[in-house]
Amino acid sequence: MRIDVLTLFPDMFQGPLSESIIKRARDKQIVDIHFHNIRDYSTDKHNRVDDYPFGGGAGMVMQIEPIATLIDKLKSERPYDHIIYMTPDGERLAQRRVNTLSLAGNLMILCGHYKGVDHRIREHYITCEISIGDYVLTGGELAAAVLIDSVVRLIPGVLSDETSALTDSFQDNLLSPPVYTRPAEYNGWRVPDILLSGHQANIDKWREEQAHERTLKLRPDLLGKSERS
Ligand code: 6GU
């Protein structure tokens, strides 16, 4: 998979996508992530990328020219399966969308700032608008990093058997059961006996029950979703 990220702040990605599993995926070239600084495509002599909104009001709007120039250039180089705009008024990200995006060959992700981008970008280029939750961030960069992390870990070869996505919370709209490791007792706090019993069928049954109980208690909204998926 190739991912092109369009941003005013490419440095914001250096930390989160350069460690652990995502770092390994990039080193193994399972995913190729490119960052493009929108400011480099400014046509203005002062390198401006934003301007006051028509009709007045607070805040600045990201101008159409630099973004359109950059998107046109990238689209002339390869076909994109999705051109995503990160915005708090987008579709709230959930595992279903992550699963679909993980099947793509080429993704483009545009990060918004200030009051957002000129709406014509959204009308004429964007195929998918994504939010990571009902709260406001200073820009789309952290949200894009979240999206990229969630998508890349599903590409075949990224996770090992031990970290397999098949047992993830949300993969079947259920929360994961509790997990424990050695020591079996700490401070008098004991690991549930069943997990030490060696009886795999009972352990599987217990885990399934725990998953259902925890989902019912903590995220009842998830139950019943599987039939709709
Ligand atoms: Cl994608 N962008 C911004 N600025 N804030 C957000 C968001 C995105 N998702 C949740 N909050």
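The values are calculated or read from the model by the stated rules, or taken from the named source; none is laboratory data. As the structure is a computational prediction, the values presented were derived from the model and not from experiment. With ideal geometry, Cβ positions are generated from the backbone for all residues, glycine too; neighbour counts draw on all protein chains shown.
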**Message:** What's the total number of residues in the stretch 53-85 that are touching an Asp or Glu at 6+ places or on another chain (Cβ under 8 Å) and within 16 Å of the ligand (Cβ to nearest atom)?
**Reply:** 6
**Of residues in the stretch 148-159 being assigned to a helix (DSSP H, G or I) and not small (Gly, Ala, Ser), the one nearest to the ligand (Cβ to nearest atom)** = ILE148
**Request:** Select from the stretch 27-47 the residues that are surrounded by 14 or more Cβ atoms within 10 Å (Cβ to Cβ) and not small (Gly, Ala, Ser) and list them in ascending order.
**Result:** ILE30, VAL31, ILE33, PHE35, HIS36, ASN37, ILE38, ARG39, TYR41
**Asked** What single numbered condition from (1) free of Cβ contacts under 8 Å to residues at least 40 places away in the same chain; (2) over 30 Å from CYS111 (Cα atoms) fails to hold for LEU174?
**Response** (1)
**Asked** Does at least one position in the stretch 129-147 carry a residue that is more than 8 Å from the ligand (Cβ to nearest atom), within 25 Å of CYS111 (Cβ to Cβ), assigned by TED's automatic domain parsing to the domain that holds VAL117 and of a type in the set (Val, Ile, Thr)?
**Response** yes
**Item:** Selection count, the stretch 62-112, where residues are in a strand (DSSP E or B) and surrounded by 20 or more Cβ atoms within 10 Å (Cβ to Cβ)
**Value:** 10
**Asked** Residues GLU185, GLU162: which one is exposed (fewer than 12 other Cβ atoms within 10 Å of the Cβ) and at pLDDT below 95?
**Response** GLU162
**Asked** Does the stretch 8-53 hold any residues that are at pLDDT 95 or above and among the acidic types (Asp, Glu), and which are they?
**Response** ASP11, ASP27, ASP32, ASP40, ASP50, ASP51
**Request:** Determine if the stretch 117-133 includes at least one residue that is touching a residue at least 24 places away in the same chain (Cβ under 8 Å), under 29 Å from GLU208 (Cβ atoms) and surrounded by 12 or more Cβ atoms within 10 Å (Cβ to Cβ).
**Result:** no
**Message:** Just checking, does the stretch 35-49 include any residue being assigned to a loop (DSSP other than H, G, I, E, B) and touching a residue at least 40 places away in the same chain (Cβ under 8 Å)?
**Reply:** yes
